[in-house]
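> Structure provided below as structure tokens; questions to follow.
The values are calculated or read from the model by the stated rules, or taken from the named source; none is laboratory data. Owing to the predicted nature of the structure, the values given are computational and were not obtained by experimental measurement. Virtual Cβ from ideal backbone geometry, glycine too; neighbours counted across all protein chains shown.
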Amino acid sequence: MNGENGAEETTYEVPIGPIHPALKEPFLIKFRLDGEEIVDAEPHPGMNHRGIEFMGMHRNPMEVIPLSERICGICSIVHQHMFTTATEHALQIEPTNRARYIRTIMCELERIHSHILWAGVAAHEIGFDTHLHLTWKIREKVMDLLEYIAGNRVNYSMWTFGGVRRDITEEMHPKISETLEYYEKTYDKLENIFLKDPSIKMRTKDVGILSKKKALELCGVGPTVRASGVKKDVRIDQPYAAYGDIDIDYVIPSRYGFEDKGDVFSKTVVRLKELLQSIDIIKQCVAQMPEGEITSEPKKAALFNKLEKKDGEGIGRIEAPRGEAIHYVRLSEGREDIDNWKIRASTYNNLPTYAPMFMGEQIADIPIIAASIDPCIGCMDRAEIVDIRSGETETYAREELHELSVEKTKKLKEEGI
Amino acid sequence: MKLSKTFDKSLWVFHVNSGSCNACDIEIVAAVTPRYDTERFGIKLVGSPRHADVLLFTGPVTTKMKEKVLRVYEQTPDPKVVLVVGNCGDTTGVYFDSYAVEGPIDTLLPDDAHIIYANGCPVRPENVINGVKEAWLYLEKLRGDDE
């Protein structure tokens with residue numbers, strides 16, 4: 001492990017397995033170091049390749065809906081929404097108005113669970129496991145609501161072409177408003193922990209800075225760039241589902257009296273404030289929800305007929321909890337399978353922003369910076385460190401990085417007192 | 001092999017993601033956190049397979065992860081139990097016709113591996129706890145009478 005006396009005397013490889021009990025998938029980033037300071041970072045994804053696009057192109061669109069939500073278990077609604085809207089676009093059918101509102105409510109409920117999950121992971125990365133447990137306890141409430149509405153905790157299979165398969169009825173409203181009230185009450189607690197606690201502030205302020213210029217240059221998306229002050233949100237720029245009818249604004253830190261700095265702290269501000277925004281959106285949706293059918297094509301046979309006979313291509317865009325994501329679908333006449341399917345998830349856009357964020361930071365800050373973009377294809381499983389003085393390669397296991405991070409928090413706490 | 005009475009009481013678990021979609025992984029974390037709280041049974045996620053009694057596999061085993069799954073299995077000391085979490089480790093599930101999938105896991109591991117399944121897509125946290133209970137029952141059989 002890298003001591004304070006410099007890396008030369010201690011460079012060695014630590015063989016703690018290729019896989020680690022990380023919360024997400026395996027993933028590799030190569031760092032170049034000058035002593036403790038990071039001078040270069042290069043991400044290497046690809047361990048989790050399951051060939052989903054290939055499989056999708058050998059199944060009919062109806063079968064692809066459940067497959068599309070299994071791209072990622074955290075943003076399953078996001079992917080099924082994009083796939084269904086892209087196919088609807090290709091088929092030129094429209095979802096019913098009521099379905100649009102139900103879709104919006106579900107998307108926002110997922111944003112709540114995803115952001116709270118992120119807050120827990122971020123707390124874990126800097127060594128506050130108590131907060132991990134606290135946030136995950138808070139998160140269970142929205143999981144209960146999702147299960148109540150959709151019938152499953154994760155992977156809901158609620159979407160269909162032309163609408164949704166489950167209604168949000170009048171009798172579900174009390175449970176929804178009860179959950180939203182709970183989050184409004186607990187929000188202050190979360191804000192106290194993540195925005196006011198001095199030790200968390202020490203670890204997140206001025207760490208992993210992404211300037212507005214770099215954010216625009218590297219085409220980052222979602223909370224990652226909104227924290228730098230970039231006004232970019234598909235829900236507002238190109239409204240889908242019911243977002244066109246709803247009063248929303250870009251969540252950037254300067255709107256709430258914070259600085260648009262682009263560091264980990266600003267990203268925390270954006271994610272926490274988006275919780276409030278999501279609660280507001282769901283309230284508006286429940287209040288305005290129109291009456292009517294939940295799907296525009298209730299007859300399965302007619303829908304299959306349409307899917308087989310239609311030539312066309314479509315695009316589905318969404319503001320996922322991690323940022324903009326796109327699906328492209330092409331259907332051709334006389335073919336049951338999908339002709340072409342292309343997925344581009346938000347983490348793909350956000351990965352290049354790692355390079356400027358890691359620049360000049362310390363090894364102990366790697367876990368929290370890596371977590372700050374909320375990477376969906378994996379938090380960092382293993383990092384390879386190249387010391388530019390000795391030219392030797394050293395491999396850090398995730399666990400050790402985590403220990404380093406926890407040590408830094410302890411040290412800062414002692415100094416602070 | 002005879003085990004002492006205390007062996008099976010607090011199982012240490014090592015979690016391997018062999019190409020899963022995150023859904024089972026977050027449900028496993030949910031099982032560890034306060035609502036389900038498996039730590040009250042002494043069940044703990046550990047950082048190395050060499051410390052583990054139970055190996056927890058999620059995912060259908062992608063081509064790149066196959067070798068690593070086998071290596072982790074070999075690194076875990078005997079006696080061990082493999083707990084396959086989720087449908088895709090059991091049957092490869094929705095990924096059955098993929099070119100990048102090598103699973104299911106039971107076709108890759110040695111014949112004498114003791115495999116327990118916690119099914120569901122994704123698995124429910126209760127089912128993870130049930131799977132660990134099954135592991136207990138199996139390890140109890142290995143306990144020595146005289147100890």
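> Name the residue, out of A:S199, A:S177, that is of a type in the set (G, A, S), under 30 Å from A:P352 (Cα atoms) and in contact with a Lys or Arg (Cβ under 9 Å, 6 or more places away or on another chain).
A:S199
> Only one residue in A:H79, A:H89, A:H44, A:H20 is out of contact with any helix residue (DSSP H, G or I) (no Cβ under 7 Å at 6 or more places or on another chain) and either within 14 Å of chain B (Cβ to nearest Cβ) or at pLDDT below 85 (or both), so which one is that?
Of the residues listed, the single one that is out of contact with any helix residue (DSSP H, G or I) (no Cβ under 7 Å at 6 or more places or on another chain) and either within 14 Å of chain B (Cβ to nearest Cβ) or at pLDDT below 85 (or both) is A:H44.
> Does B:S48 fit the bill of being more than 28 Å from A:S76 (Cα to Cα), facing chain A (nearest Cβ under 8 Å), among the small types (G, A, S) and crowded, with 16+ Cβ neighbours inside 10 Å?
Yes: the conditions hold for B:S48.
> Limited to segment A:87-113, what total is found for residues that are among the hydroxyl-bearing types (S, T, Y) and not in a helix (DSSP H, G or I)?
Final tally of qualifying residues: 1.
> Regarding A:L272, is this residue closer than 21 Å to A:E110 by Cβ, in contact (Cβ under 8 Å) with a residue 60 or more places away in the chain and not in a strand (DSSP E or B)?
Yes, satisfied.
> Restricting attention to segment B:119-141, report how many residues are of a type in the set (S, T, N, Q) and part of a loop (DSSP other than H, G, I, E, B).
Matching residues across segment B:119-141 total 1.
> Out of everything in segment B:101-118 that is within 12 Å of the chain's Cα centre (by Cα) and either in a strand (DSSP E or B) or at pLDDT 90 or above (or both), what residue ends up being nearest to the other protein chains (Cβ to nearest Cβ)?
It comes out as B:A118.
> May I ask you to list the residues in segment A:231-254 that are farther than 17 Å from A:K212 by Cβ and not acidic (D, E)?
Answer for segment A:231-254, where residues must be farther than 17 Å from A:K212 by Cβ and not acidic (D, E): A:V234, A:R235, A:I236, A:Q238, A:P239, A:Y240, A:A241, A:A242, A:Y243, A:G244, A:I246, A:I248.
> Follow-up question, since we're still on this one. For segment B:60-100, what are the residues that are buried (at least 17 other Cβ atoms within 10 Å of the Cβ), of a type in the set (A, V, I, L, M, F, W, C) and within 9 Å of chain A (Cβ to nearest Cβ)?
The answer is B:M65, B:V69, B:V72, B:C88, B:V94, B:A100.
> Return the residues of segment A:117-151 that are surrounded by 17 or more Cβ atoms within 10 Å (Cβ to Cβ) and assigned to a loop (DSSP other than H, G, I, E, B); say none if nothing qualifies.
Answer for segment A:117-151, where residues must be surrounded by 17 or more Cβ atoms within 10 Å (Cβ to Cβ) and assigned to a loop (DSSP other than H, G, I, E, B): A:I126, A:G127, A:F128.
> Collect the residues in segment B:37-60 that are outside any loop (DSSP other than H, G, I, E, B) and in contact (Cβ under 8 Å) with a residue 40 or more places away in the chain, keeping them in residue-number order.
B:T38, B:F41, B:V54, B:L55, B:L56, B:F57, B:T58
> What number of residues in segment A:246-259 are touching a Lys or Arg at 6+ places or on another chain (Cβ under 7 Å) and surrounded by fewer than 21 Cβ atoms within 10 Å (Cβ to Cβ)?
3
> Something else: So which pairs qualify, if the first residue must be in segment A:164-175 and assigned by TED's automatic domain parsing to the domain that holds A:L145, the second must be not in a helix (DSSP H, G or I), the Cβ gap must be under 6 Å, and the two must be at least 6 apart or on different chains?
A:V164/A:M158; A:V164/A:I294; A:R165/A:M158; A:R166/A:M158; A:D167/A:I294
> Here's something else I'd like to know. Mind telling me which of the residues B:T107, B:T92, B:T76, B:T63 ends up being free of Cβ contacts under 8 Å to residues at least 24 places away in the same chain and of a type in the set (S, T, N, Q)?
When all the criteria are applied, what remains is B:T107.
> Condition first: surrounded by 21 or more Cβ atoms within 10 Å (Cβ to Cβ), within 30 Å of A:T130 (Cβ to Cβ), more than 12 Å from every other protein chain (Cβ to nearest Cβ) and touching a residue at least 60 places away in the same chain (Cβ under 8 Å). Can you find one or more residues in segment B:15-26 that meet it?
No, the conditions are met nowhere in segment B:15-26.
> So, one more: With respect to A:S278, is the statement that it is touching a residue at least 12 places away in the same chain (Cβ under 8 Å), polar (S, T, N, Q) and over 18 Å from A:V78 (Cβ atoms) true?
no
> Go through segment B:12-24 and give me each residue that's more than 11 Å from the chain's Cα centre (by Cα) and at pLDDT below 85.
Correct list: B:S18, B:G19, B:S20, B:C21, B:N22.
> Just to be sure before I move on: is A:E361 crowded, with 17+ Cβ neighbours inside 10 Å and more than 15 Å from the chain's Cα centre (by Cα) in the structure I sent?
yes
> Then there's this: Among the residues of segment A:59-73, is any modelled with pLDDT under 65, within 12 Å of chain B (Cβ to nearest Cβ), outside any loop (DSSP other than H, G, I, E, B) and surrounded by fewer than 21 Cβ atoms within 10 Å (Cβ to Cβ)?
Within segment A:59-73 (the criterion being modelled with pLDDT under 65, within 12 Å of chain B (Cβ to nearest Cβ), outside any loop (DSSP other than H, G, I, E, B) and surrounded by fewer than 21 Cβ atoms within 10 Å (Cβ to Cβ)), the answer is no, since none of the residues qualifies.
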